[in-house]
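Enquirer: Before we start, here is the structure in question, set down as C-alpha cells.
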C-alpha cells in the first residue's frame, strides 16, 4: 500500500521547486451543518481543518512539472476522506476554467473515497459538474493526465481518474469504483488495485513515486508539443523489390524482417506508451500505441507487431488516434498483421465493432495520419489502420485483400496454385504503387561513405 501523503506534500513531490501557486477559490455562503442540516457536520469539517490545515478536500493551483506548466488538483484524503461536496465542486470547476483560459493541461492528483454523504445528492451531483468541466477542457484540445493515488474510488475514480486522457497509478494503490466498505464481502481485493486496473486496460501505467515527476513531465511535454506532420520512416530491411507476389509474401513473413519495435526505436528519440482499450482489454503482443519525440516534436503512433491483432488492440489504436486528433498531434501508423484475430473469443470481444472504430477514427481524423506498411498487410484488419491517400510500403511488405492461401481456397484452387494466385492478386509493393493503393515504396537510407582521413600537415621548409 502506498503512503498517504498530504495534498501539499504530494504537490511538492510533483511540482518543480517554488513553482506552485495556489488559485483563488470561489466563496460560498455556509449554511449551518451544510445544505442538509446534517447534525455535527460543521464540527466534522472543523476537526478535518484542524488536522490537515486545509479548508476543503482539494488544493488547486498552477505549477511547472519538469519544466512544463500545468494546473494541478491535489486531493487531501485527510479532509473527510477526500470526499466531494459542493465547495469541492466549486474549486474543481474554477481550476478547470482557469486551465482553459490560460491554455494549460490539467493534472488531477486523485485520492478520494467518493461523494460526501453529509451533503446527500447535492454532493453526488458534483460529479456532473466535474464531468462537464472535463468535457469542455477536452473540447478545447487540452490534455488531462490523472495520477491515481491511494485510495481512488467512487465518483472520483469515475470522473477525474478514469475520465482522463492518460492515467498513471501509484504502486499498490486501491483503485476501483467500489470502495472497500461497499464492495461484496467475497470480492477479490486484488481486482481493486492499480496493477489490476493497468492489466485490465483501465489505466496506462504504474509509476514509482520517485519517478513520478519525470514521467509526468515527459507526458506533459509530449502532449503539448505537436509536430506539423509525421514524416515517413525509412525502411529498415531489404532494399530491392520482390520479383514475384509469393516472394513478397515470403519476405514479409520472414522472422528476420524488422518489426515495429525496431522501426519505433529508429524513429523516436524517446516515447511513452498508452495501454489498454478502457473496456477491460489489452493487446500488448499485437498493437503498440503511444506518443514519441521525433526531431524534437511529438508524433503519436499505433503499430501492429506482426501478429493477428485482437479487438483490444484495435480499440486501443482508435483511442490513440482520437486523442491525438483532439490534441492536434500527427499520427504514424505501422501496418503489419496477417489479419485480425478471428477466433471465437475475438468474436465474443467484438472484433467487427473494434475494427470499425479504427476505420472511423482514421476517416474522421483532422490531424495528419501517415502509414507505412512494414510487413504483412492482411485484409481489412490491416487496412483499418492505413491512411487513405497517405500510405507507403517497404520493399519487404505486401498488401492483399486476403492471404494468397485463403484466396486459392475460396476460389477452389489446389495448393499448387497458391504462388500463381499471389501474382494475380498483385500484392507486391510496386504493384500497389501502380494500382494507386500506396503512394510510394520507401527504401533504406544508404550508409554514409566513410570520410577519408585528412593528409598530414608537412612542416614548413627550414630557413
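The values are calculated or read from the model by the stated rules, or taken from the named source; none is laboratory data. Everything numeric here is computed off the predicted structure, so don't read it as measured data. For neighbour counting, all protein chains shown are included, and Cβ atoms are generated from backbone atoms with ideal geometry for every residue, glycine included.
Enquirer: Name, by its number, the condition in (1) more than 20 Å from residue 377 (Cβ to Cβ); (2) surrounded by fewer than 20 Cβ atoms within 10 Å (Cβ to Cβ) that does not hold for residue 285.
Expert: (1)
Enquirer: Let me ask you something else. Considering only helices (runs of 4 or more DSSP H) fully contained in region 70-155, which possess at least 3 residues that are surrounded by 18 or more Cβ atoms within 10 Å (Cβ to Cβ) and touching a helix residue (DSSP H, G or I) at 6+ places or on another chain (Cβ under 7 Å)? Explain how you work it out, then say what you get.
Expert: Numbers: elements: 86-101, 120-124, 126-139.
Of the helices (runs of 4 or more DSSP H) lying wholly inside region 70-155, those with at least 3 residues that are surrounded by 18 or more Cβ atoms within 10 Å (Cβ to Cβ) and touching a helix residue (DSSP H, G or I) at 6+ places or on another chain (Cβ under 7 Å) span 86-101, 126-139.
Enquirer: I've got another one for you. Buried (at least 17 other Cβ atoms within 10 Å of the Cβ) and in a loop (DSSP other than H, G, I, E, B): is that true of residue 56 in this structure? Give the steps one after another, and end with the answer.
Expert: Values: buried (at least 17 other Cβ atoms within 10 Å of the Cβ): yes; in a loop (DSSP other than H, G, I, E, B): yes.
So residue 56 passes the test.
Enquirer: Continuing with this model, one more query. What is the residue count in region 298-347 for residues that are touching a residue at least 12 places away in the same chain (Cβ under 8 Å) and in a helix (DSSP H, G or I)?
Expert: Of all residues in region 298-347, those touching a residue at least 12 places away in the same chain (Cβ under 8 Å) come to 298-342, 346.
Still in the list and also in a helix (DSSP H, G or I): 311-327, 346.
Residues flagged as touching a residue at least 12 places away in the same chain (Cβ under 8 Å) and in a helix (DSSP H, G or I) within region 298-347 amount to 18.
Enquirer: Where in region 348-407 are there strands (runs of 3 or more DSSP E), lying wholly inside it, with at least 1 residues that are closer than 20 Å to residue 231 by Cα and more than 20 Å from the chain's Cα centre (by Cα)? Break it down stepwise before answering.
Expert: Working: elements: 369-378, 391-393, 398-400.
Hits in region 348-407: 369-378, 391-393.
Enquirer: Next question, about the same structure. Let me spell it out: the conditions are (1) touching a residue at least 60 places away in the same chain (Cβ under 8 Å); (2) surrounded by 19 or more Cβ atoms within 10 Å (Cβ to Cβ); (3) out of contact with any helix residue (DSSP H, G or I) (no Cβ under 7 Å at 6 or more places or on another chain), and residue 438 meets all of them except one. Which number is the exception?
Expert: Unmet condition: (3).
Enquirer: Then there is this: Quick one: which helices (runs of 4 or more DSSP H) sit completely within region 185-271 and have at least 1 residues that are touching a helix residue (DSSP H, G or I) at 6+ places or on another chain (Cβ under 8 Å), in contact (Cβ under 8 Å) with a residue 40 or more places away in the chain and buried (at least 18 other Cβ atoms within 10 Å of the Cβ)? Quick ask: steps written out before the conclusion?
Expert: Details: elements: 194-199, 212-223, 245-253, 260-267.
Those helices (runs of 4 or more DSSP H) span 212-223, 245-253.
Enquirer: Would it be correct to say that residue 249 is modelled with pLDDT of 95 or more and over 17 Å from residue 376 (Cα atoms)? I'd like the intermediate steps shown before the answer.
Expert: Values: modelled with pLDDT of 95 or more: yes; over 17 Å from residue 376 (Cα atoms): no.
In short, no.
Enquirer: So, one more: Can you say whether residue 428 is in contact with a strand residue (DSSP E or B) (Cβ under 8 Å, 6 or more places away or on another chain) and either exposed (fewer than 15 other Cβ atoms within 10 Å of the Cβ) or at pLDDT 95 or above (or both), as far as the supplied structure shows?
Expert: Numbers: in contact with a strand residue (DSSP E or B) (Cβ under 8 Å, 6 or more places away or on another chain): yes; either exposed (fewer than 15 other Cβ atoms within 10 Å of the Cβ) or at pLDDT 95 or above (or both): yes.
Criteria met by residue 428.
Enquirer: Out of 41, 96, I need the residue that is touching a residue at least 40 places away in the same chain (Cβ under 8 Å), over 14 Å from residue 118 (Cβ atoms) and assigned by TED's automatic domain parsing to the domain that holds residue 150. Which one?
Expert: 96
Enquirer: Shifting gears a bit: Say we look at region 280-289 and pick out the residues that are in contact with a helix residue (DSSP H, G or I) (Cβ under 6 Å, 6 or more places away or on another chain) and either outside the structural domain of residue 314 (by TED's automatic domain parsing) or part of a loop (DSSP other than H, G, I, E, B) (or both); which of these is farthest from residue 428 (Cα to Cα)? So that I can check it myself, show each step before the final result.
Expert: If we filter region 280-289 for residues that are in contact with a helix residue (DSSP H, G or I) (Cβ under 6 Å, 6 or more places away or on another chain), which is where we start, we get 281-283, 286-289.
In the following step, the residues that additionally are either outside the structural domain of residue 314 (by TED's automatic domain parsing) or part of a loop (DSSP other than H, G, I, E, B) (or both) were identified as 281-283, 286.
Details: 281: 34, 282: 32, 283: 29, 286: 24 Å.
Looking at the filtered set, the residue picked out is 281.
Enquirer: So is residue 12 free of Cβ contacts under 8 Å to residues at least 24 places away in the same chain and under 27 Å from the mean Cα position of the chain (by Cα) or not?
Expert: Working: free of Cβ contacts under 8 Å to residues at least 24 places away in the same chain: yes; under 27 Å from the mean Cα position of the chain (by Cα): yes.
Spelling it out, residue 12 is indeed free of Cβ contacts under 8 Å to residues at least 24 places away in the same chain and under 27 Å from the mean Cα position of the chain (by Cα).
Enquirer: Within region 40-50, can one find any residue that is modelled with pLDDT of 95 or more, in a loop (DSSP other than H, G, I, E, B) and either over 25 Å from residue 210 (Cβ atoms) or out of contact with any helix residue (DSSP H, G or I) (no Cβ under 6 Å at 6 or more places or on another chain) (or both)?
Expert: Yes, some residue in region 40-50 is modelled with pLDDT of 95 or more, in a loop (DSSP other than H, G, I, E, B) and either over 25 Å from residue 210 (Cβ atoms) or out of contact with any helix residue (DSSP H, G or I) (no Cβ under 6 Å at 6 or more places or on another chain) (or both).
Enquirer: Only one of these conditions is not met by residue 64: (1) assigned to a strand (DSSP E or B); (2) touching a helix residue (DSSP H, G or I) at 6+ places or on another chain (Cβ under 8 Å). Which number is it?
Expert: Of the numbered conditions (1) assigned to a strand (DSSP E or B); (2) touching a helix residue (DSSP H, G or I) at 6+ places or on another chain (Cβ under 8 Å), the odd one out for residue 64 is (2).
Enquirer: Filter region 11-30 down to the residues that are within 15 Å of residue 88 (Cα to Cα) and out of contact with any strand residue (DSSP E or B) (no Cβ under 7 Å at 6 or more places or on another chain), then identify the one that is surrounded by the fewest Cβ atoms within 10 Å (Cβ to Cβ).
Expert: 29
Enquirer: Starting from residues that are out of contact with any helix residue (DSSP H, G or I) (no Cβ under 9 Å at 6 or more places or on another chain) and modelled with pLDDT of 95 or more, keep the ones in region 353-387 and report whichever is surrounded by the most Cβ atoms within 10 Å (Cβ to Cβ). Quick ask: steps written out before the conclusion?
Expert: Keep residues of region 353-387 that are out of contact with any helix residue (DSSP H, G or I) (no Cβ under 9 Å at 6 or more places or on another chain), which gives 363, 368, 370, 378, 382.
Those still in the list that are modelled with pLDDT of 95 or more too: 363, 368, 370, 382.
Details: 363: 11, 368: 18, 370: 20, 382: 25.
Going through the qualifying residues, I end up with 382.
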